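One structure is given here, and the rest of the page talks about it.
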Amino acid sequence: MRALRRYLPEIDFDQPIPLALLERMKVTDRDFKEALKQIEPSSLRDVTVEVPSTRWEEVGGVG
C-alpha cells in the first residue's frame, strides 16, 4: 500500500491507469521495511498473556 500511495497523485480514478504508469510502478525494499514496522503478525493478534495472581505458597503440596 505504501508503494501504491506514491503513485496516487498521478491516477485519475475515472480513467484506466495508463500503461506507462503501471510499468513505472515498483515496490522497493524500503517499502517492505516500512510495512514491517506497521504490521502485526496474524498469529499474534488473538494472543493475550495473563499473569495469575496465585502465589507459590497457595499451590497445594508446595512449601
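In table form, for the structure just shown:
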| read-out | value |
| --- | --- |
| Region 46-55 - phi-based ³J(HN,Hα) in whole Hz, Karplus 6.51/-1.76/1.60, Gly and Pro as x | 9, 8, 10, 9, 10, 9, x, 8, 6, 9 |
| Sorted by Cβ neighbour density within 10 Å, fewest at the top, the residues Met1, Met25 | Met1, Met25 |
| Surrounding net charge for Asp31, when Lys and Arg each add one and Asp and Glu each subtract one, Cβ distance under 10 Å | +4 |
| With Cα atoms, 0 to 90° folded angle of helix 29-38 axis to the chain main axis | 40 |
| Cα gyration tensor shape of the chain, rounded if a/c is under 1.5, else prolate or oblate by comparing a/b with b/c | prolate |
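Quick note: the coordinates plus some simple rules give every number you see, no bench work behind them. Quantities reported herein were computed from a predicted structural model and do not represent experimental measurements. Here the Cβ is made from the backbone with ideal geometry for all residues, glycine too, and neighbour counts use every protein chain on show.
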